[in-house]
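Presented below is the structure to which this report refers.
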Amino acid sequence: MMIQKRTFPARQLASMEQWAYDTIKDRILTLELRPGATITEAELAKSLDVSKTPLRAALMQLERDELVESAPYKGSWVRPVTLESIQHLFQLREAIEGFAVEAFALVKTPEQLSKLQNIERSRLEAVEQNQVDLAIVRDAEFHSYPVQALGNPHLDRLMINISDHRRRLRHLLADHLPAPSPYAITERHNALLAAFEKGEAEQVRAIVVDGIRALLGVAEEAAAKGALEVSTDR
């Protein structure tokens, strides 16, 4: 008797790929899958209850996002976080966020400013409830919103990837160094909101760049203490 191979409709397969991608990415960003960890496809497929086809598609997308690496005869692994990669990422952050906040300060509407204020209130609620990852996510939303408000899809895609890497970095640095005070972040966000309201484009850029460089300084300190690799080759 011939055994028929099970097939899935294209829409269902695409949904499984997206679910696998979102789930694996979340595990990477929250360090459930740590930097450098080997990815065993059979074990991961079993834990996600998916076949290898959607799993491999998800891993290919994560490789494009620079969260996973692979090589012939070596398999796949979670991409390490190095000081060099952080420096490159933050150069891009300065360029994109610096441009975006200046533009947003000049064109924002009262409704958009209110939306940004609501995001900050939600972040503070997460901090007060000790929901660390949610606070990090809301912080990323606060920084992403001025970019999204400009309506440039190319900037949006870059900012999503930046936010993902930043989320993982914040978790990683919390493992090794005291986390930045949420109230220091609040002070910076409040200064940003006030400058946005006044339309002070140069000031909002200066505040954002100062925050980016402050987090880079934490990463450099971690690298100096041996808690973060400077660069790596596998």
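The values are calculated or read from the model by the stated rules, or taken from the named source; none is laboratory data. Since this is a predicted model, take the numbers as computed values, not measurements. Cβ sites come from the backbone with ideal geometry, for glycine too, and all protein chains shown count toward neighbours. Heavy atoms of the whole protein, side chains included, go into the accessibility calculation; ligands, DNA and RNA do not. Shrake-Rupley method; radii C 1.70, N 1.55, O 1.52, S 1.80 Å.
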* To do: Please tell me the relative contact order of the range 28-129 in percent, rounded to the nearest whole number, where contacts are Cα pairs under 8 Å and at least six residues apart.
  => 24
* Summed residue charge, Cβ within 15 Å of T40's Cβ, Lys/Arg positive, Asp/Glu negative -> +2
* Report, in degrees rounded to the nearest 10, the 0 to 90 angle that the Cα long axis of helix 182-198 makes with the longest principal axis of the chain. => 60
* To do: Leaving ligands, DNA and RNA out of it, report the carbon-plus-sulfur percent of the accessible area of the range 44-166 at a 1.4 Å probe.
  => 52
* For the chain, calculate the relative contact order in percent as a whole number, restricting contacts to Cα pairs under 8 Å that are 6 or more residues apart. => 25
* Top mean-square fluctuation among R79, R27, R166, Gaussian network model of the chain, C-alpha springs under 10 Å? -> R27
* Structure fact -> Checking S144, S114, S85 against a Gaussian network model of the chain (alpha-carbon springs below 10 Å), the top fluctuating residue turns out to be S114
* Structure fact -> In Å², rounded to a whole number, the accessible area per residue of the chain with probe 1.4 Å is 56
* Asked: Taking the chain as a Gaussian network, Cα atoms linked when under 10 Å apart, which of T53, T30, T38 shows the biggest mean-square fluctuation?
  -> T53
* Based on Cβ point charges of +1 for Lys and Arg and -1 for Asp and Glu, what charge dipole magnitude is obtained for the range 69-198 about its Cα centre, in debye rounded to the nearest 20? -> 180
* Asked: Can you list the lysines whose alpha carbon is less than 22 Å from that of K198, not counting same-chain residues fewer than 8 positions off?
  -> K108, K115
* Which value in deg cm²/dmol, rounded to the nearest 500, describes the helix-derived mean residue ellipticity at 222 nm for the chain, given -39,500 (n - 2.57) per DSSP H run of n ≥ 4 and division by the residue count? -> -24500 deg cm²/dmol
* Cα-based helix-to-principal-axis angle, 201-224 vs the chain, degrees rounded to 10 -> 50
